[in-house]
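What follows is a set of notes on a single structure, which appears directly below.
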4 protein chains.
Amino acid sequence: MAHLGENRYGKSRVRVMKVVRQATHHAMKEWNVRVLLHGDFESCFTEGDNSMILPTDTMKNTVYWLARESNATTLEEFAIELVDYLLSNNPQVTKASAEVEEKKWDQALIDGAPHATTYKLGGPELQTVEVVRERGDALKITSGIDGLVVLKTTKSAFTGYIKDKLTTLPESTDRIFGTRATAAWEYLHPPDSYETTRSSTLATLLRVFADHDSLSVQHTLYDMGKAVLEAVPEIARITLTMPNLHCLLVDLSRFGQDNPNQIFVPIDEPHGYIEAVIER
Amino acid sequence: MAHLGENRYGKSRVRVMKVVRQATHHAMKEWNVRVLLHGDFESCFTEGDNSMILPTDTMKNTVYWLARESNATTLEEFAIELVDYLLSNNPQVTKASAEVEEKKWDQALIDGAPHATTYKLGGPELQTVEVVRERGDALKITSGIDGLVVLKTTKSAFTGYIKDKLTTLPESTDRIFGTRATAAWEYLHPPDSYETTRSSTLATLLRVFADHDSLSVQHTLYDMGKAVLEAVPEIARITLTMPNLHCLLVDLSRFGQDNPNQIFVPIDEPHGYIEAVIER
Amino acid sequence: MAHLGENRYGKSRVRVMKVVRQATHHAMKEWNVRVLLHGDFESCFTEGDNSMILPTDTMKNTVYWLARESNATTLEEFAIELVDYLLSNNPQVTKASAEVEEKKWDQALIDGAPHATTYKLGGPELQTVEVVRERGDALKITSGIDGLVVLKTTKSAFTGYIKDKLTTLPESTDRIFGTRATAAWEYLHPPDSYETTRSSTLATLLRVFADHDSLSVQHTLYDMGKAVLEAVPEIARITLTMPNLHCLLVDLSRFGQDNPNQIFVPIDEPHGYIEAVIER
Amino acid sequence: MAHLGENRYGKSRVRVMKVVRQATHHAMKEWNVRVLLHGDFESCFTEGDNSMILPTDTMKNTVYWLARESNATTLEEFAIELVDYLLSNNPQVTKASAEVEEKKWDQALIDGAPHATTYKLGGPELQTVEVVRERGDALKITSGIDGLVVLKTTKSAFTGYIKDKLTTLPESTDRIFGTRATAAWEYLHPPDSYETTRSSTLATLLRVFADHDSLSVQHTLYDMGKAVLEAVPEIARITLTMPNLHCLLVDLSRFGQDNPNQIFVPIDEPHGYIEAVIER
């Protein structure tokens, strides 16, 4: 006998752009939103009864409506308002979540100065947030960044690892260390400013990545997370995912050349995958 | 004071192709493998001590070595062997997982008959498996399919849903129902043949999708899952994810035309998202 | 002094789906259309005068309107009608082109039989056409296929090539030959049926690829094209592009294993690139 | 009777990274190279005779070898050396081309200053060059940028266009103007510095895009190109491709809200497509 287990539904990839025309410049944000609802939806699945179903099309409209209504300037605030609106207006919903991604639109630099009304996409990385609330519980807010692509050309070694019959990797005391990092942080308590917290966190991650004497991806990842907890008191824990985007040293001896750590072949696959939570 | 929380590491996107040259034809499989290890890795993170670290490069080699060594003909068997090899040979590892994706290579049809040594990529969908084993525990095996793109032109309605101030969706008694379905099933007990179980499951999913009088995506999803549990006794539960790939009826009245459910605009974003577990 | 050189404009990625509800089944096509116009548009560029500009939004509407109006059942017929409509209704246009891609939607097989109203995406490949007409000239029609992914496990060699100081590739008398083929054919005269011509062409390409004793990608590509010209009299010339999707034989000797042409690593990059026109 | 028409072959997506360890910082470039050869290859196609064939694998090796050998600091210089090497060493080749794409790796900003040995990917855009040489002829060099994503929130109108029975677009005097621009410029004569020419060109394109009172995409595109010809004397002609990435004003009146040009839905498809050459 079949029965319905865990389930949820919602709308993905709802894109919205908001332009706030201020005296000095136009503030512009582009958000990509996903909304998911949990609740009392069993009869819809088992009997085709839609009387408890808020259409996903209406969720999309809710994003547009709220974008106009809201004064939120950060993705965190917008996601919180969205979750609270959905819970308040839908008694059949027991839990709601909103995920928002923000593209890296920077004010374009014209003659060295940020232009008031022109933006340039400044990186592949996305700013992210996930807000979840179970009815009656506190908000769970996880901010993050996705796809921060960085690379250091020195201060990266990997030696002293396990060798077995399948080992072919040579030890290296000076290798390229490239990664497409993802970070996600949770809060001890709501920060004064999500924006300030975000910029401190990103600056810290980048600074430690750059300066660290890396003995492994794990080693650097841990010190990056630890430094964030030291620098940003309102963060409770941070999850870092740092795939190792390998740059292979080319064997040029076949062509009678040396290769003093100069010529590499970057590859996308396979890639190492390292993930850890650093917490207080 | 920072400390290390949950962590894991491994190798992603290890691609391997195996050709078995049989009398009647060449059996060929292309697998994309991800291996992840949990274990006693704290000193690597906190001190840069790699003495407990099996390099991800060696995991890649392990996939190649095992591909040659193994007689596995299904992705499930290969993933099980891989997990067991890693656990057996690495006492520092407490838990290992292997995910394998298999591309849909079909023997090419030449004059109506499958060719013995030529393959054609037959769809975007991937066959998948995830095998996880905690040391000392049983294997957890989840088989699935990812990216099965199907569409029905009739027997799909959506009416009787909640209307509120943000509702603009008109009810429909005959709409297009398109989805890029993902399924993942767990086993009551190991089946006689993973391949037979897989083909029965996929045939059942497709048959119910095609014939169902759908009152909503949820309604069809549930009956698809229920039918799988009825048809395939060794399956314990199935998770189905069926984003609704919308095809919007074009308003042609602006051009003096009618549109009797003929002309649609398919869109990729936004899309509905429906996910549920159906279990015994 | 700057002046305007060649220019064109139009609309890309106009997606439209048409469902024709027939007695026995629902015929369904999904087309992705690009329209481009050449003409007397100089004052728009140099002075911002839009009086000769048909908005690209109207081109999009034209695709929708024509989809309803037309009885075209092939992408070729639809593209021809689109080009002719644009030229006939826009005297300022001197040349128009339409490109149409059709997704490989196949009627889903349920219990071995094609289902009347359910479709499954059956491959990554797209059917394509480009139609161009200069006002007063004949139509130029180029049909094709894009992204046909095929692979053969035998009858492929590569030997006898130039060796120089940078050569490291070993000769091979039995290698994997995989490709993501693109074909584009032009017509001697309009065929009785674009659909029959297309299916004969694709069947011929696939048959020769499968059976050919390949001495190089070039060698097989040429014989594929030659066979099309022999089998399909209305085709004047065919352009084939066949990147070589390499599958590298893994060196397993490092692990004490042999590798009798069984275990390969498929790579996406770098890849060989071979392109040629075969004509009468 | 079939015969071979135009043909060419080569290697695509050869990725190479070069690190030059200087006193003050590490210069790092990541290039993605495509090499194509034309020549006397007929017997390869028609008879499987590979005696005139330089393997594409050797072309890949040539990229690696040259990366070590060369002092080129710009993609233009590297592509020129590559083409000249291939022509000089392969008498069977009548024409060679090299295309190089360079990723936008910027020195990471740490506490406001560029870090000496750490890079961050700073945008989706790629710097590009194509160098072609027919044996005995001069080099043809086309530099460019691909995928420069920019957006302005004001000074963009579109009015006065053709209206017909299929027109539904309302005129706008203040719309969002977003594009993913591609530019490609050819030279009157080799510049003193490809790098300076490139940075002047990009700065000019961005400045005009930002400040222009746009009456259409065409209008802005033309003035961008014209300004480049004025600012950069060594450029002979520039081709600009500026798809119009539409941001649709949301109709919020359905929800009782106004929308004073604040809330938009960005869409990827369909999109306008505008392309023109501006030359002296």
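The values are calculated or read from the model by the stated rules, or taken from the named source; none is laboratory data. Keep in mind that this is a model prediction, so the values were computed, not measured. Reconstructed Cβ throughout: ideal geometry from the backbone, glycine too, with neighbour counts over all protein chains shown.
For D:ILE145, only one of the following conditions fails: (1) out of contact with any Ser or Thr (no Cβ under 8 Å at 6 or more places or on another chain); (2) within 27 Å of D:VAL16 (Cα to Cα). What is its number?
(1)
Quick one: C:TRP105 ticks every box in (1) crowded, with 17+ Cβ neighbours inside 10 Å; (2) touching a helix residue (DSSP H, G or I) at 6+ places or on another chain (Cβ under 8 Å); (3) over 30 Å from D:MET224 (Cβ atoms) except a single one, so which number is it?
(2)
Provide a single number: the residues in the range A:64-83 that are out of contact with any strand residue (DSSP E or B) (no Cβ under 6 Å at 6 or more places or on another chain) and of a type in the set (Gly, Ala, Ser).
Qualifying residue count, the range A:64-83: 2.
Could you tell me which of the residues B:ILE235, B:ILE176 is in contact (Cβ under 8 Å) with a residue 60 or more places away in the chain and of a type in the set (A, V, I, L, M, F, W, C)? Spell out the reasoning first.
Working: B:ILE235 fails: in contact (Cβ under 8 Å) with a residue 60 or more places away in the chain.
The match here is B:ILE176.
Applying the selection to the range B:46-98, what residues are among the charged types (D, E, K, R) and farther than 17 Å from B:SER143 by Cα? Steps first, please.
As a first pass, look at the range B:46-98 and keep what is among the charged types (D, E, K, R): B:47, B:49, B:57, B:60, B:68-69, B:76-77, B:81, B:84, B:95.
Of everything in the range B:46-98, those that are among the charged types (D, E, K, R) and farther than 17 Å from B:SER143 by Cα turn out to be B:GLU47, B:ASP49, B:ASP57, B:LYS60, B:ARG68, B:GLU69, B:ASP84, B:LYS95.
What are the residue pairs meeting all of these: first residue in the range A:73-86, first residue without any contact (Cβ under 8 Å) to a residue 40 or more places away in the chain, second residue assigned to a loop (DSSP other than H, G, I, E, B) and of a type in the set (Ser, Thr, Tyr), Cβ atoms under 8 Å, and 6 or more apart or on different chains?
A:GLU81/A:SER70
Mind telling me which of the residues D:ASP213, D:ASP164, D:ASP146 ends up being at pLDDT 95 or above and away from chain C (no Cβ under 14 Å)? Please lay out each step first, then the result.
Working: D:ASP213 fails: away from chain C (no Cβ under 14 Å); D:ASP164 fails: away from chain C (no Cβ under 14 Å).
The conditions single out D:ASP146.
Quick one: which of B:ARG13, B:ARG8, B:ARG34 is at positive phi, of a type outside the set (A, V, I, L, M) and at pLDDT 95 or above? Let's see the steps before the verdict.
On the way: B:ARG8 fails: at positive phi; B:ARG34 fails: at positive phi.
Of B:ARG13, B:ARG8, B:ARG34, the one residue that is at positive phi, of a type outside the set (A, V, I, L, M) and at pLDDT 95 or above is B:ARG13.
Tell me, yes or no, whether the range C:225-235 has at least one residue that is at pLDDT 95 or above, surrounded by fewer than 24 Cβ atoms within 10 Å (Cβ to Cβ), closer than 21 Å to B:GLY122 by Cα and within 14 Å of chain D (Cβ to nearest Cβ).
Looking for residues that are at pLDDT 95 or above, surrounded by fewer than 24 Cβ atoms within 10 Å (Cβ to Cβ), closer than 21 Å to B:GLY122 by Cα and within 14 Å of chain D (Cβ to nearest Cβ), one finds none in the range C:225-235, hence no.
Filter the range B:117-139 down to the residues that are in contact (Cβ under 8 Å) with a residue 12 or more places away in the chain and more than 9 Å from chain C (Cβ to nearest Cβ) and list them by number. Let's see the steps before the verdict.
Step one: filter the range B:117-139 for residues in contact (Cβ under 8 Å) with a residue 12 or more places away in the chain, giving B:117, B:119-135, B:139.
Selection gives B:LEU126, B:GLN127, B:THR128, B:VAL129, B:GLU130, B:VAL131, B:VAL132, B:ARG133, B:GLU134, B:ARG135, B:LEU139.
Does the range A:84-101 hold any residues that are within 14 Å of chain D (Cβ to nearest Cβ) and surrounded by fewer than 18 Cβ atoms within 10 Å (Cβ to Cβ), and which are they? Walk me through it before giving the result.
Filtering the range A:84-101 for residues within 14 Å of chain D (Cβ to nearest Cβ) gives A:85, A:89, A:101.
Matches in the range A:84-101: A:ASN89 only.
Restricting attention to the range D:174-190, which residues are farther than 22 Å from D:ASN244 by Cβ and over 18 Å from the mean Cα position of the chain (by Cα)?
D:LEU188, D:HIS189, D:PRO190
What do you reckon, is C:ILE238 under 30 Å from the mean Cα position of the chain (by Cα) and crowded, with 19+ Cβ neighbours inside 10 Å?
Details: under 30 Å from the mean Cα position of the chain (by Cα): yes; crowded, with 19+ Cβ neighbours inside 10 Å: yes.
Yes: the conditions hold for C:ILE238.
Every residue in the range B:1-40 that is more than 9 Å from chain A (Cβ to nearest Cβ) and not in a strand (DSSP E or B), please.
Result: B:GLN22, B:ALA23, B:THR24, B:HIS25, B:ASP40.
From the set of residues in the range D:226-239 that are out of contact with any strand residue (DSSP E or B) (no Cβ under 7 Å at 6 or more places or on another chain) and in a loop (DSSP other than H, G, I, E, B), which is nearest to D:ALA183 (Cα to Cα)? Give the derivation first.
Let us first name the residues in the range D:226-239 that are out of contact with any strand residue (DSSP E or B) (no Cβ under 7 Å at 6 or more places or on another chain), namely D:227, D:230-233.
Pick out the ones that are also in a loop (DSSP other than H, G, I, E, B) and you get D:232-233.
Values: D:VAL232: 14, D:PRO233: 17 Å.
Step by step, filter the range D:226-239, then rank; the result is D:VAL232.
Provide a single number: the residues in the range A:177-202 that are small (Gly, Ala, Ser), touching a helix residue (DSSP H, G or I) at 6+ places or on another chain (Cβ under 8 Å) and within 13 Å of another protein chain (Cβ to nearest Cβ). Give the derivation first.
From the range A:177-202, those small (Gly, Ala, Ser) are A:178, A:181, A:183-184, A:193, A:199-200; that's our starting set.
If we keep only those that are touching a helix residue (DSSP H, G or I) at 6+ places or on another chain (Cβ under 8 Å) as well, we get A:181, A:183, A:200.
When the remaining residues are screened for being within 13 Å of another protein chain (Cβ to nearest Cβ), the result is A:181, A:200.
Residues meeting the conditions: 2.
Given the conditions (1) out of contact with any strand residue (DSSP E or B) (no Cβ under 7 Å at 6 or more places or on another chain); (2) outside any strand (DSSP E or B); (3) hydrophobic (A, V, I, L, M, F, W, C), which single one is not true for D:LEU86?
The failed condition is (1).
Starting from residues that are among the hydroxyl-bearing types (Ser, Thr, Tyr) and in a loop (DSSP other than H, G, I, E, B), keep the ones in the range C:126-167 and report whichever is nearest to the chain's Cα centre (by Cα).
Pass one, the range C:126-167, residues among the hydroxyl-bearing types (Ser, Thr, Tyr): C:128, C:142-143, C:153-154, C:156, C:159, C:161, C:167.
Right, trim to in a loop (DSSP other than H, G, I, E, B) and you get C:153-154, C:159, C:161, C:167.
Numbers: C:THR153: 24, C:THR154: 26, C:THR159: 30, C:TYR161: 30, C:THR167: 34 Å.
Across the range C:126-167, the extreme among qualifying residues is C:THR153.
Is it fair to say B:LEU54 is over 26 Å from the mean Cα position of the chain (by Cα), in contact (Cβ under 8 Å) with a residue 12 or more places away in the chain and not assigned by TED's automatic domain parsing to the domain that holds B:TYR85?
Working: over 26 Å from the mean Cα position of the chain (by Cα): yes; in contact (Cβ under 8 Å) with a residue 12 or more places away in the chain: yes; not assigned by TED's automatic domain parsing to the domain that holds B:TYR85: no.
So B:LEU54 fails the test.
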